Amino acid sequence: WTYLWTLWFFIMLFLVYILRVPLKINDNLTTVSMFLNTLTPKFYVALTGTSSLISGLILVSTRYINITLQIDFVIQNGISGFYHCDLGGIHYCVFLFLTECKVWRNPLNLFRGAEYNRYTWVTGREPLTYYDMNLSAQDHQTFFTCDTDHLRPADAIMQKAWRERNPQARISAAHEALELNECATAYILLAEEEATTIVEAEKLFKQALKAGEGCYRRSQQLQHHGAQYEAQHRRDTNVLVYIKRRLAMCARKLGRTREAVKMMRDLMKEFPLLSMFNIHENLLEALLELQAYADVQAVLAKYDDISLPKSATICYTAALLKARAVSDKFSPEAASRRGLSTAEMNAVEAIHRAVEFNPHVPKYLLEMKSLILPPEHILKRGDSEAIAYAFFHLQHWKRVEGALNLLHCTWEGTFRMIPYPLEKGHLFYPYPICTETADRELLPSFHEVSVYPKKELPFFILFTAGLCSFTAMLALLTHQFPELMGVFAKAFLSTLFAPLNFVMEKVESILPSSLWHQLTRI
């Protein structure tokens with residue numbers, strides 16, 4: 001269409017030049033120039049002021065309409081309040097326009113001692129922000145403490161340790177607690193923060209498992225004796241699930257993937273109600289490593305449900321499975337000639353669905369943007385979630401032949417399907433406007449946060465503002481230096497039309513005079 005419009009424009013210019021005599025264009029231009037010469041500088045000043053006023057009214061009304069649409073959307077969806085709280089590892093933050101953002105614990109978060117600290121030793125950079133670590137401290141206090149901890153000396157020490165900001169003080173408190181008793185949470189802290197390798201962390205988690213199972217069995221027998229015993233049993237359950245999950249992750253990192261898959265499946269069967277840990281995302285990643293795509297599809301069929309919260313892992317894994325069926329033979333040239341088949345259409349639709357959910361992921365999968373270590377918490381649909389997903393799943397996309405090529409050819413088509421401005425979504429709720437603020441708190445300062453959508457003013461407003469500013473400047477210069485500006489205007493117009501005059505002279509010399517005479521008469 002761009003080429004067609006350009007061709008049409010040049011054809012119209014050519015026709016206007018040919019018909020300049022019958023249309024008396026030269027006479028009309030002379031009349032207009034004489035009229036403009038009679039105008040005083042006051043007219044230009046008045047014209048500039050009027051156009052500036054109109055552009056200002058357009059800017060204010062456009063801004064008012066956008067704000068009204070956003071507030072109406074918030075009211076219709078019942079989003080209200082300005083608060084921050086945490087519940088089961090999910091942190092709720094409400095920012096501008098009362099838009100709600102949920103910060104979740106990263107299901108695949110790394111080990112601080114064995115992975116994050118090693119990165120710091122090598123690069124001298126801190127991969128975790130204070131805000132991220134503070135959210136982790138809140139999670140630890142929620143999962144690993146209860147109201148009866150003061151009755152047990154070791155648990156009382158650990159209750160203070162989880163609130164401690166200094167890492168060395170936390171590690172010292174954990175050793176102090178272990179001197180008093182076999183404390184499962186003390187082993188957890190040492191495995192997370194003191195162990196410098198995954199092998200050391202796994203040994204400490206096995207010791208934590210032994211102590212945690214004993215506490216879990218004792219509290220299970222007493223859970224119905226009162227509210228305090230029930231709270232203690234809930235705490236012991238969280239501790240046991242956390243330990244088993246981290247042991248499975250250790251096995252996955254050490255190459256024992258089948259063992260890790262078995263541990264995750266057993267854990268999901270034993271504690272099916274603890275979905276807040278999102279263990280199924282760990283299972284999906286391990287199954288993709290085994291290339292057990294049928295098992296991956298079975299897990300997706302259970303968790304890719306409209307009633308459950310979505311994630312980049314679920315959406316992009318579903319897209320990967322559908323892309324796998326067609327990507328090895330996909331060619332954009334062939335598809336443009338014959339059209340997309342049903343399987344290719346399903347794969348493209350799955351990619352569009354995934355990109356609409358989180359538009360930041362493709363740039364990391366296509367290696368258009370550099371990866372960093374994922375944070376301990378992520379914002380769904382945000383840049384932090386995109387980093388966490390691509391960090392672990394890029395290898396799985398590379399393993400499927402042609403999958404990244406299909407993604408490269410189709411992912412940008414998603415944005416043509418989403419209404420603009422983003423007061424409505426296509427397959428999901430409208431993209432939240434608070435993700436940039438939360439991601440800047442979660443991600444380190446040396447990372448350039450990906451922003452969607454780009455906060456750009458409409459072209460019409462920019463064009464009007466530029467045109468009015470340019471007109472005002474010309475009016476001021478013409479009023480101050482009328483003769484000099486007249487010379488400048490004549491020189492500018494003659495230079496501007498010189499290429500056109502040169503082309504038309506060449507055309508007149510090439511075409512036969514009789515043909516040119518007939519065209520002029522027509």
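Report the gain in length on full extension from Val16 to Arg217: 0.36 nm times residue separation, minus Cα-Cα distance, nm rounded to one decimal.
On the way: separation 201, 0.36 × 201 = 72.36 nm, distance 9.25 nm.
Once the chain is fully extended between Val16 and Arg217, it gains 63.1 nm.
Taking the Cα-to-Cβ direction at Lys363 and at Tyr119 and moving 7 Å from each Cα, how far apart do the two end points lie in nm?
Each label point lies 7 Å from its Cα, and together they span 1.8 nm.
In the range 171-319, carbon and sulfur make up what percent of the accessible area (probe 1.4 Å)?
On the way: 3570 of 6920 Å².
Heavy-atom surface of the range 171-319 belonging to carbon and sulfur, 1.4 Å probe: 52 percent.
With the other protein chains left in place, how much accessible area per residue, in square angstrom, belongs to the range 335-374 at a 1.4 angstrom probe?
Working: 1740 Å² over 40 residues.
Each residue of the range 335-374 exposes 44 Å² on average to a 1.4 Å probe.
Sorted by accessible area with a 1.4 angstrom probe, largest first, how do Val451, Val103, Val32 fall?
Values: Val451 30, Val103 0, Val32 75 Å².
Putting Val451, Val103, Val32 in descending order of accessible area: Val32, Val451, Val103.
Calculate what fraction, in whole %, of the accessible area of the range 326-384 sits on carbon and sulfur atoms when a 1.4 Å probe is rolled over the protein chains.
On the way: 1210 of 2340 Å².
Reported share for carbon and sulfur atoms: 52 percent.
If the only charges are +1 at each Lys and Arg Cβ and -1 at each Asp and Glu Cβ, what is the size of the charge dipole of the range 106-290 around the Cα centre, to the nearest 20 debye? Don't skip to the answer; put the middle values down first.
Values: 25 positive and 25 negative charges, 82 e Å.
Computed charge dipole of the range 106-290: roughly 400 debye.
Given axes a ≥ b ≥ c from the Cα gyration tensor, I'd like to know whether the range 106-290 is rounded (a/c under 1.5), prolate (a/b larger than b/c) or oblate.
Working: a/c = 1.75, a/b = 1.13, b/c = 1.55.
Oblate shape, in that a/c is at least 1.5 and b/c is the bigger or equal ratio.
Computed over the Cα atoms, what is the radius of gyration of the range 247-361 divided by 2.2 N^0.38 Å, N being its residue count? Could the numbers behind the result be given before it?
Numbers: Rg = 16.2 Å, N = 115, 2.2 N^0.38 = 13.4 Å.
Cα-based Rg divided by the globular estimate yields 1.22.
Roll a 1.4 Å probe over the protein chains and send me the accessible area per residue for the range 106-290 in Å².
Numbers: 8820 Å² over 185 residues.
Roughly 48 Å² per residue, with all protein chains present.
With the dipole of the range 154-254 worked out from charges on the C-beta (+1 for Lys and Arg, -1 for Asp and Glu) around the Cα centre, which of Ala251, Ala184, Gln223 lies farthest toward the positive end?
Among Ala251, Ala184, Gln223, the one farthest towards the positive end of the dipole of the range 154-254 is Ala251.
Would you work out which of Ser172, Asn106, Trp162 lies farthest towards the positive end of the dipole of the range 106-290, given +1 charges on the beta-carbon of Lys and Arg and -1 on that of Asp and Glu, about the Cα centre?
Asn106
Give me D for the range 147-240 in µm² s⁻¹, whole number, from Stokes-Einstein with Rh from the Kirkwood sum over alpha-carbon pairs, 25 °C and 0.890 mPa s.
Translational D for this selection: 181 µm²/s.
Under a cut-off of 13 Å between alpha-carbon atoms, report the aspartates and glutamates in cross-link reach of Lys310, not counting same-chain residues fewer than 8 places apart.
Within the straight-line limit of under 13 Å, Lys310 reaches these aspartates and glutamates: Glu281, Glu356, Glu385.
The values are calculated or read from the model by the stated rules, or taken from the named source; none is laboratory data. Keep in mind that this is a model prediction, so the values were computed, not measured. Cβ sites come from the backbone with ideal geometry, for glycine too, and all protein chains shown count toward neighbours. These accessible areas exclude ligands, DNA and RNA; they are computed on the full protein's heavy atoms, side chains included. Shrake-Rupley method; radii C 1.70, N 1.55, O 1.52, S 1.80 Å.
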